[in-house]
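Each remark here refers to the structure printed beneath this line.
The values are calculated or read from the model by the stated rules, or taken from the named source; none is laboratory data. These numbers come from a predicted model, not from an experiment. When the accessible area is computed, the model is the full protein with side chains, heavy atoms only, and any ligands, DNA or RNA have been set aside. Shrake-Rupley method; radii C 1.70, N 1.55, O 1.52, S 1.80 Å.
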Amino acid sequence: MKFRSGLIIGFSLGYYFGSKAGRERYRQLNALLERVRSEPRVEQATTRAREVIDQGTQAARSAVVDIRNKAADEASQKVGDLMGEHDHDGQYVDAPDVDPTVTRV
């Protein structure tokens, strides 16, 4: 059913935007489109779709922030491991004498 609805909507939009039927037909289609847009069910569906999109956007943004924070913590830990020891909070404690120009592998 979703495919059929999408197909009908896609065909309708293509006809609407690609119509060469003249200005009068354009006005008729525009009036029909306005009537459909003002239907309460269409407005509710539009509102719900926007809410779902906003929720998805927020979830994606939150996931990206979590991944970024995890990567930053891991990088900090690895740098700390190369430079010396850390306490339980990951803070740099007492490093041995290390030449900063030498990279340890």
Discussion item. Rolling a 1.4 angstrom probe over the protein chains, ignoring ligands and nucleic acids, what is the accessible area of Glu74 in square angstrom, nearest 10?
Written reply: 90 Å²
Discussion item. Let me make sure I get this right: for the stretch 14-80, a, b and c are the square roots of the gyration tensor eigenvalues over alpha carbons, sorted descending. Under 1.5 in a/c it's rounded, otherwise prolate if a/b > b/c, else oblate. Which is it?
Written reply: oblate
